[in-house]
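*Asks:* Input: one structure, supplied below.
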Amino acid sequence: MFYRLLILLVALPLSHQVFATKTNAQVNGVLGTSFDITLYGIEEPQSHAAISSLLSHINNLENTLSTWRKDSEISQFNRLKQLNGMSEHLVQVLNLCHQWENQSQQHFSCRIGKIHKQWQQAVTTQVLPNRIAMRRLARDIIKTPMFNFNTKQSAIIQSHIVYDVSALAKGYILDDAIKFIRAHSPKVTGIKLNIGGDLVFWGKKSPDSMWNAAIGQHNLMNDNDQSTIISISEGAIAHSGMGERDFRINRRQFSHILAPKEGWPIDTPHSVSVYARDATTADAAATMLSNMDIANAIDWVNKQQDLEALFQAADGQKYWSNNWQALVKTKSNQPLTRMTVDYQIPQFSGTDYERPYLAIWLTDKNNQFIRQLLLLGSSNRWAQENKRWWRNIGRKNDSMLDALAKPTRRPGHYSLQWDGFDFNHNIVEQEHLVLHVEASREHGGHDYQRITIDLATNSPMSLNGVGEIGKTVVTINQ
Amino acid sequence: MKKTQLLALSALFTSLFTQAASHHKLVFINQYDANQDWSLSLAEFDKARESRFNITDENNDGFVDESEYVFEYKNRMDNQLTKDRQGQIKQTIIRFNALDKNENARIDLAEYQGSGKRTFTYFDTNKDGVISESDPAPKRRAKKAEKTLTATQQRETQIKKLPRAKRVLSMPTTHSFNGLLTKYDANDDKTITPQEIAIVRQKIWDLADENNDGWISEQEYLYEFEDRMDMQIAKTRKSAVKQTYVRFGILDKDKDGKMTLAEYQASGHRSFNRFDTDNNQIVTLDEAMPKSYSKKKGKKNVKKQNVASNTSY
């Protein structure tokens, strides 16, 4: 790999475009994928020198962290199960892996290299692994204690532990690359790096401009004007997707994302794009979040500082964290129309009282679905009692209950906000929408109401409520 | 709804309940009945439960924690799901042969759509050209006159149902009005026309005919079904595992995250006592069935769930 990289550098001179003090270079075969770098603030010759040094530095990192290279430090460690004097980079990466495994409650693991290998063999032999044996192996790995490695002591691992750090190595290398350029080319004012779709931005490309990144398919993710554009001052974006490297065994397709608790591909994959302040966090979080249910994943993201995420389920529905939309660049940077819906859950007496299942959603005037605003109650069976919601929305969108449903609530007054986006994370531009409210209750009744909403109005609109539905008031916040 | 229809529905639900309860008892006895004599004494039950507890307690600390409990359950469930999957594949081949009327080892579109037309005719009982709620329930085929069975024969007939009772995988069915609506009612108007059935079946046909040669081979038919079945298996597993966490919470009475053998046995005794309707500390196939749980009233009580209800696994 090292030699191939050198040959590439010699044989394929860096393609470049220089606009004033901006230099762009693209190279293939870095970390097994495409590498795109743009430097701002220094002239072309200095940029080329910096990029060449950086590529050499990245190659050294690959010699440490790549499990694809049999002679790399990590491959030796996996093979010999013992290493004296581990390098600083490997120590940092392995300890980061352990931290993420701990905090993710086993939704993230770098220690499942043996499981990865068995799946690669299964693809070759086309014989499906035994699910119970894989779960046993996964459990043995989880139960094996993790040690804090350091450079001074020899490190030992058990025979079933095989490290595969691909879940965060790319992010680590991106962060290290930024440090390397800043240390070796202090006059650089802005850096954009893209390795195989994972991006990191540092500094500024010009005094007043932000970095833009298009979030569509991750291979389209770049600094151009496509798809949803997010605008950030600095930080990193990582993506974990569906379908790209999936396993195919005897015609059956399996997600390439393996659940560390199961040793088995996850059943309902979704893609996720993560924004974080640094690339290591973005990369590791993307891996972890792709392994979690969307609802739990969003809850986790909402508790983090400086970390946001956009999810797309297999049924096409998109879901995002509380502040993701703050990153989104609107066409004219105008503020989004927002809406507050105050709703009530009525009080009923009775010894067999059960809390109602409640669904609130928006459509356009032609009954085309815009966005689910609220789902109370997560049981698939009882959600179907809201018949209109189920027939028009729920049954067609498998992911919705898993991703959005919250526990049922006791009687009272509540409020929810709509952020101005539709289910596909596009800004809604219609002036008139229809708000639907449906509620049903075990041992109780079932009711449905709707109201047409004028998004241009300043005065509140209300529904007086009926049966299981209390009074609903809609206020537009321009 | 007419009174006679209500009575018929009530009889059907009662029969479904009895069948479900009888299935549960079959599985219940079978999984603890070490000497396989279909008579489960409390001592035998306690011993089997203790043995399972000890196997589940991987680290032998005298407690079963949540992860040990879920791990043991998942493995048993996956063993059963593997068997269920194989059984479904066998059934699919039987269905293929039934569709292949001219027995040329492949189905043509006319054969496939013919099956859809037969479904329509069967359910459109009032012959108004649509399947809707106003259609009276179709008459079931008359059962062959049942022979008078001896007690031993009755028991053998019951035991033969064990493999079916143990199933955790249940595929969506079109043998009911709601099942038909889910599959065929494209415009959500709660009625099904022959055209809607033909359109949906054409889509399935196009999907199944992978090589676009105008025929569906047995392999193609199986592939199409396997894809749907694997999605259903994933849903079943997810729901069942979710329930396992809930069950652990209930078993772990003192909420310390650890289940003791006493807590585990106390829970087992509640199940045992429920089936031991003659209170002689022996559960047999012949004794009376327990009463159904009656917390939920009305139709909601009997709605079939799409998830594994066989949580005793």
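*Asks:* Scan region A:361-391 residue by residue and report those that are acidic (D, E) and buried (at least 18 other Cβ atoms within 10 Å of the Cβ).
*Replies:* Across region A:361-391, the qualifying residue is only A:E385.
*Asks:* Criterion first (in contact (Cβ under 8 Å) with a residue 12 or more places away in the chain and within 28 Å of A:A456 (Cβ to Cβ)) does A:Q325 satisfy it? It would help to see each step written out before you state the result.
*Replies:* Values: in contact (Cβ under 8 Å) with a residue 12 or more places away in the chain: yes; within 28 Å of A:A456 (Cβ to Cβ): yes.
In short, yes.
*Asks:* Scan (1) within 14 Å of another protein chain (Cβ to nearest Cβ); (2) open to solvent by less than 40 Å² (accessible area, probe 1.4 Å) for the single condition A:V341 breaks and write down its number.
*Replies:* Every condition holds for A:V341 apart from (1).
*Asks:* Residues in region A:348-360 that are touching a Phe, Trp or Tyr at 6+ places or on another chain (Cβ under 6 Å) and either more than 14 Å from chain B (Cβ to nearest Cβ) or open to solvent by less than 20 Å² (accessible area, probe 1.4 Å) (or both): how many?
*Replies:* Filtering region A:348-360 for residues touching a Phe, Trp or Tyr at 6+ places or on another chain (Cβ under 6 Å) gives A:357, A:359.
Still in the running and either more than 14 Å from chain B (Cβ to nearest Cβ) or open to solvent by less than 20 Å² (accessible area, probe 1.4 Å) (or both): A:359.
Matching residues across region A:348-360 total 1.
*Asks:* Given (1) over 22 Å from B:S22 (Cα atoms); (2) in contact with a Phe, Trp or Tyr (Cβ under 6 Å, 6 or more places away or on another chain), where does B:R76 come up short, assuming only one miss?
*Replies:* It is condition (1) that B:R76 fails.
*Asks:* Six or more apart or on different chains, Cβ atoms under 7 Å: show the pairs whose first residue is in region B:46-66 and within 20 Å of A:K143 (Cβ to Cβ) and whose second is open to solvent by less than 60 Å² (accessible area, probe 1.4 Å) and among the polar types (S, T, N, Q).
*Replies:* B:F63/B:T260; B:V64/B:T56
*Asks:* Does any residue of region A:128-143 turn out to be surrounded by fewer than 13 Cβ atoms within 10 Å (Cβ to Cβ), aliphatic (A, V, I, L, M) and outside any loop (DSSP other than H, G, I, E, B)?
*Replies:* yes
*Asks:* Among residues belonging to region B:208-239 that are touching a Phe, Trp or Tyr at 6+ places or on another chain (Cβ under 8 Å), charged (D, E, K, R) and outside any helix (DSSP H, G or I), point out the one that is nearest to B:E111 (Cα to Cα).
*Replies:* Here the answer is B:D209.
*Asks:* Go through (1) over 16 Å from the mean Cα position of the chain (by Cα); (2) within 14 Å of chain B (Cβ to nearest Cβ); (3) within 30 Å of A:W202 (Cβ to Cβ) and name the single condition A:H270 misses.
*Replies:* The number of the failed condition is (1).
*Asks:* What's the total number of residues in region A:381-400 that are facing chain B (nearest Cβ under 9 Å) and hydrophobic (A, V, I, L, M, F, W, C)?
*Replies:* Counting residues in region A:381-400 that are facing chain B (nearest Cβ under 9 Å) and hydrophobic (A, V, I, L, M, F, W, C) gives 1.
*Asks:* Based on what the data block shows, is A:A167 in contact (Cβ under 8 Å) with a residue 12 or more places away in the chain, farther than 26 Å from A:T23 by Cα and either more than 14 Å from every other protein chain (Cβ to nearest Cβ) or in a helix (DSSP H, G or I) (or both)?
*Replies:* So A:A167 passes the test.
*Asks:* If we keep just the residues of region A:247-258 that are more than 21 Å from A:L137 (Cα to Cα) and touching a Phe, Trp or Tyr at 6+ places or on another chain (Cβ under 9 Å), which is modelled with the lowest pLDDT?
*Replies:* Filtering first and then ranking leaves A:R251.
*Asks:* Is it the case, given these coordinates, that A:Y163 is open to solvent by less than 30 Å² (accessible area, probe 1.4 Å), touching a Cys at 6+ places or on another chain (Cβ under 8 Å) and modelled with pLDDT of 95 or more?
*Replies:* The answer is yes for A:Y163.
*Asks:* On to the next question. Against the conditions (1) under 13 Å from A:Y343 (Cβ atoms); (2) touching a Gly at 6+ places or on another chain (Cβ under 9 Å), where does A:L416 fall short? Just the number, please.
*Replies:* That leaves (2) as the condition not met.
*Asks:* Return the residues of region A:259-286 that are closer than 16 Å to A:C97 by Cα and either at pLDDT 95 or above or open to solvent by less than 20 Å² (accessible area, probe 1.4 Å) (or both); say none if nothing qualifies.
*Replies:* Answer for region A:259-286, where residues must be closer than 16 Å to A:C97 by Cα and either at pLDDT 95 or above or open to solvent by less than 20 Å² (accessible area, probe 1.4 Å) (or both): A:A259, A:P260, A:D278, A:A279, A:T280, A:T281, A:A282, A:D283, A:A284, A:A285, A:A286.
*Asks:* Now, a different point. Could you say whether any residue in region A:379-389 is more than 27 Å from A:A309 (Cβ to Cβ) and without any contact (Cβ under 8 Å) to a residue 40 or more places away in the chain? Working first, answer last.
*Replies:* Going through region A:379-389, the residues more than 27 Å from A:A309 (Cβ to Cβ) turn out to be A:381-382, A:384-388.
The next check asks that each one be without any contact (Cβ under 8 Å) to a residue 40 or more places away in the chain; those that pass are A:381, A:384.
Yes, region A:379-389 contains at least one residue that is more than 27 Å from A:A309 (Cβ to Cβ) and without any contact (Cβ under 8 Å) to a residue 40 or more places away in the chain.
*Asks:* Does A:T363 satisfy the condition of being within 14 Å of chain B (Cβ to nearest Cβ), of a type in the set (S, T, Y) and more than 29 Å from the chain's Cα centre (by Cα)?
*Replies:* No.
*Asks:* What pairs can you find where one residue is in region A:399-411 and under 13 Å from A:A439 (Cα atoms), the other is surrounded by 21 or more Cβ atoms within 10 Å (Cβ to Cβ) and of a type in the set (F, W, Y), and their Cβ atoms are less than 7 Å apart, with a gap of 6+ or different chains?
*Replies:* Between residues of region A:399-411 that are under 13 Å from A:A439 (Cα atoms) and residues that are surrounded by 21 or more Cβ atoms within 10 Å (Cβ to Cβ) and of a type in the set (F, W, Y), the close pairs are A:T408/A:Y357.
*Asks:* Residue pairs, Cβ under 7 Å, 6 or more apart or interchain, first in region B:121-138 and exposed (fewer than 11 other Cβ atoms within 10 Å of the Cβ), second in a loop (DSSP other than H, G, I, E, B). List them.
*Replies:* These pairs meet every condition: B:E133/B:K190; B:S134/B:N126.
For (1) under 28 Å from the mean Cα position of the chain (by Cα); (2) open to solvent by 10 Å² or more (accessible area, probe 1.4 Å), each residue gets a yes or a no:
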| position | (1), (2) |
| --- | --- |
| A:I37 | yes, no |
| A:G41 | no, yes |
| A:C97 | yes, no |
| A:H107 | yes, yes |
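*Asks:* Given the condition at negative phi and either within 14 Å of chain A (Cβ to nearest Cβ) or touching a Lys or Arg at 6+ places or on another chain (Cβ under 7 Å) (or both), answer yes or no: does some residue in region B:253-261 qualify?
*Replies:* Checking region B:253-261: not a single residue is at negative phi and either within 14 Å of chain A (Cβ to nearest Cβ) or touching a Lys or Arg at 6+ places or on another chain (Cβ under 7 Å) (or both).
*Asks:* Hey, could you check region A:287-306 for residues that are assigned to a helix (DSSP H, G or I) and within 14 Å of another protein chain (Cβ to nearest Cβ) and say which is most open to solvent (accessible area, probe 1.4 Å)?
*Replies:* Of all residues in region A:287-306, those assigned to a helix (DSSP H, G or I) come to A:287-290, A:294-302.
Subset that is within 14 Å of another protein chain (Cβ to nearest Cβ): A:294-296.
Working: A:I294: 16, A:A295: 21, A:N296: 85 Å².
Within region A:287-306, the match that is most open to solvent (accessible area, probe 1.4 Å) is A:N296.
*Asks:* Now a separate question. Going by what's in this entry, would B:Q195 be described as more than 30 Å from B:L81 (Cβ to Cβ), surrounded by 13 or more Cβ atoms within 10 Å (Cβ to Cβ) and free of Cβ contacts under 8 Å to residues at least 12 places away in the same chain?
*Replies:* Working: more than 30 Å from B:L81 (Cβ to Cβ): yes; surrounded by 13 or more Cβ atoms within 10 Å (Cβ to Cβ): no; free of Cβ contacts under 8 Å to residues at least 12 places away in the same chain: yes.
In short, no.
*Asks:* I've got another one for you. Restricting to region B:214-252, and then to whatever is β-branched (V, I, T) and away from chain A (no Cβ under 14 Å), can you tell me which residue is most open to solvent (accessible area, probe 1.4 Å)?
*Replies:* In this case the residue turns out to be B:I250.
The values are calculated or read from the model by the stated rules, or taken from the named source; none is laboratory data. Only a predicted model underlies this, so the values are computations on that prediction, with no experimental measurement involved. Neighbour counts are summed over all protein chains in view; Cβ atoms, including those assigned to glycine, are modelled from backbone coordinates with ideal geometry. Quick note on the areas: whole protein, heavy atoms, side chains included, nothing else; ligands and nucleic acids left out. Shrake-Rupley method; radii C 1.70, N 1.55, O 1.52, S 1.80 Å.
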